[in-house]
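Below is one structure, written out as structure tokens; the observations come after it.
What follows draws every value from the coordinates through simple rules; no lab data is involved. Here the structure is a predicted model, which is why all the values come from computation and not from measurement. As a convention, Cβ positions derive from the backbone with ideal geometry for all residues, glycine included, and neighbour counts pool all protein chains shown.
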Amino acid sequence: MPETGNGDTLTVTDNRTGRTYEIPVNEGVVRASEFRKMKAHEGDFGLMVYDPAFTNTASCRSAITHIDGEQGILEYRGYPIEELAEQSSYLETAYLLLYGELPTKSQMDEWTHDIKFHTYVHENIKKFMEGFQYDAHPMGMLVGTVAALSTFYPDAKHVADPVSRDIQTMRLIAKMPTMAAFAYRHNRGLPYVYPDNDLSYTGNFLSMLWKMSEPQYKPAPALERAIEVLFILHADHEQNCSTNAMRSVASSEADPFSATAAAAAALYGPLHGGANEAVIRMLGIIGDKKRVPEFVSRVKSGEDLLWGFGHRVYKSYDPRAKIIKRTADEVFELTGPNPLLEIALELERIALEDDYFVQRKLYPNVDFYSGIIYQALGFPVDMFPVLFAIPRTVGWLAQWREMLEDPEQKIARPRQIYAGATRRSYTPIERR
Ligand code: ACO
């Protein structure tokens with residue numbers, strides 16, 4: 001494939017000056033800084049490239065996650081998502097994303113032990129969370145509490161120290177489920193349940209959510225596995241909105257707790273991690289399979305969005321959505337079917353046959369079916385972004401660590417095209 005070869009060049013003629021420039025093309029990419037050399041006159045700043053929302057700009061080199069949006073391929077460190085979802089565990093996948101290789105047995109044992117060692121939060125974190133309103137959105141609670149963690153671990157500011165980076169990484173991965181479960185119990189007015197480190201990562205999470213008076217909570221293996229699969233699918237997705245926020249904030253060398261809070265805040269938005277919540281609301285509004293064509297017409301006339309459809313990168317079926325659809329069937333065998341599934345399947349069927357969606361390459365994304373499973377598992381909709389943030393924390397951390405070790409990275413600071421008023425003089429208020 002010539003466009004990916006090294007040593008290729010692009011020849012550009014600047015018609016303002018008649019000068020010709022030869023720009024290196026490596027890995028199918030030209031460096032934006034090359035355009036700065038193209039100046040219309042002496043003292044000119046040089047050409048900039050304009051790319052609102054970064055639709056065609058690579059902000060980093062990364063060896064973590066590979067997506068082929070046209071083919072519907074997703075790989076973590078080269079391993080297909082389908083194989084990981086089938087055979088791996090969330091903690092093993094987390095290790096892979098962070099360290100680049102699957103762990104050996106002894107590495108896995110040590111890693112599991114280290115994560116379990118850090119699951120408890122400081123009692124003052126618990127008190128901090130108790131301060132939220134009874135009906136506080138759990139994602140707002142999570143964002144605020146993760147940020148607050150930075151005040152408990154001032155050593156986290158030593159971002160150049162690899163030992164400190166490892167400790168903060170473990171703390172964040174271990175404590176996210178604890179804070180998430182506390183946020184859920186807070187909303188329910190239930191006492192917080194402390195971690196049970198005899199259980200698996202996901203089993204312990206379910207225990208902290210749902211344990212009541214029993215001496216030990218025993219998660220149903222099929223539900224534990226379903227959460228495990230969902231966590232693996234959500235663990236990383238290269239340079240998405242929240243990961244970009246993580247990298248951008250951390251590029252100022254802010255501590256990882258503050259940067260993770262920023263990433264989680266980005267994930268909170270309905271166009272990103274909040275989309276599965278919007279899917280459930282949409283399916284509820286549609287209410288009946290018979291009303292699907294009417295809703296699709298509204299979408300086509302621009303009155304609504306088909307939530308859970310479309311993706312910036314995937315221009316074919318999101319591979320995660322395929323796996324989730326299968327997981328849904330397994331969950332429904334235990335929990336009984338979610339009546340919204342019938343509407344979702346009909347919506348997918350009609351949309352995939354409709355020219356509007358076909359031409360724009362709009363297919364179900366990860367959020368189309370995940371909410372339906374979460375609901376069947378008993379989660380309220382406002383827990384959905386929280387359930388996304390827990391596993392994505394490892395992706396944010398892997399990307400953060402990679403960025404800190406990348407000699408080409410520095411503080412993120414885009415340029416702008418100034419489109420405001422030209423210079424003018426201040427008018428005192430009485431003369432305005
Ligand atoms: N419903 C209806 N039309 C859509 C949808 C949708 N869900 N998504 C895109 N389109 C249309 C756009 O209106 C646009 O049409 P036009 O060319 O006539 O103007 C065209 O498809 C291209 O869409 P863009 O908005 O340019 O695509 P972009 O890459 O900017 O947006 C996004 C991607 C934000 C995911 C978008 O598809 C969307 O809003 N989807 C619904 C929300 C959603 O499901 N988000 C979850 C994403 S996955 C995740 O974050 C985990």
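For the stretch 302-394, which GluC sites (Glu not before Pro) are in a loop by DSSP, counting at most 16 other Cβ atoms within 10 Å?
Hits after loop and neighbour filter: Glu303.
For Cα pairs less than 8 Å apart in space and 6+ apart in sequence, what is the mean separation divided by the residue count of the stretch 1-50, i.e. the relative contact order in percent?
Worked out over the stretch 1-50, it gives 28 percent.
Please identify, among Asn187, Asn276, Asn204, the residue showing maximal mean-square fluctuation in a Gaussian network model of the chain using a 10 angstrom Cα cutoff.
Answer for the Gaussian network model of the chain: Asn187.
Please rank Val193, Val49, Val229, fewest neighbouring Cβ atoms within 10 Å first, as an exposure proxy.
Numbers: Val193 19, Val49 13, Val229 24.
Going from least to most buried by this count: Val49, Val193, Val229.
As a footprinting exposure proxy, order Glu123, Glu110, Glu430 by other Cβ within 10 Å, with the fewest listed first.
On the way: Glu123 8, Glu110 13, Glu430 5.
Ranking Glu123, Glu110, Glu430 by Cβ neighbours within 10 Å, fewest first, gives Glu430, Glu123, Glu110.
Helices from the chain with mean Kyte-Doolittle at least -0.5 and a Cα length along the axis of 15 Å or more, per DSSP H: which? Walk me through the numbers on the way to the answer.
On the way: long enough: 105-117 (18 Å, -1.40); 138-152 (21 Å, 1.44); 162-188 (39 Å, -0.36); 221-233 (18 Å, 1.38); 256-267 (16 Å, 1.34); 275-286 (16 Å, 1.26); 319-335 (24 Å, -0.41); 340-353 (20 Å, 0.94); 366-376 (16 Å, 0.64); 384-404 (30 Å, 0.63).
Qualifying helices: 138-152, 162-188, 221-233, 256-267, 275-286, 319-335, 340-353, 366-376, 384-404.
Could you give the distance between the Cα centres of the stretch 266-291 and the stretch 368-422, to the whole Å?
Each part reduced to its Cα centre gives a spacing of 19 Å.
Order these by the 10 Å Cβ neighbour count, fewest first: Ile373, Ile23.
Ranked by crowding around the Cβ, least crowded first: Ile23, Ile373.
Show that you can apply the helix-only estimate: for the chain, add -39,500 (n - 2.57) for every DSSP H stretch of four or more residues, divide by all residues, and state [θ] at 222 nm to the nearest 500.
-15500 deg cm²/dmol
Under a straight-distance cross-link criterion of Cα-Cα below 28 Å, which lysines are reachable from Lys289, leaving out those fewer than 8 residues away in the same chain?
Result set, ordered by chain and number: Lys300, Lys315, Lys322, Lys325, Lys361.
Using a Gaussian network model of the chain with C-alpha springs under 10 Å, which one of Thr202, Thr422, Thr20 is most mobile by mean-square fluctuation?
In the Gaussian network model the winner is Thr422.
Of the residues Pro80, Pro162, Pro407, which exhibits the maximal mean-square fluctuation in a Gaussian network model of the chain defined by a 10 Å Cα contact cut-off?
For the chain, modelled as a Gaussian network with Cα springs under 10 Å, the answer is Pro407.
When N counts the residues of the chain, how does its alpha-carbon radius of gyration compare numerically with 2.2 N^0.38 Å, as a ratio? Walk me through the intermediate numbers first.
Working: Rg = 24.0 Å, N = 432, 2.2 N^0.38 = 22.1 Å.
Its radius of gyration relative to the 2.2 N^0.38 Å reference: 1.09.
Over the chain, what is the mean sequence separation of C-alpha contacts under 8 Å (at least six apart), divided by residue count, expressed as relative contact order in percent?
19 percent
Specify the inter-centroid distance of the stretch 154-217 and the stretch 341-362, based on alpha-carbon positions, in whole Å.
Distance between centres, Cα-based: 38 Å.
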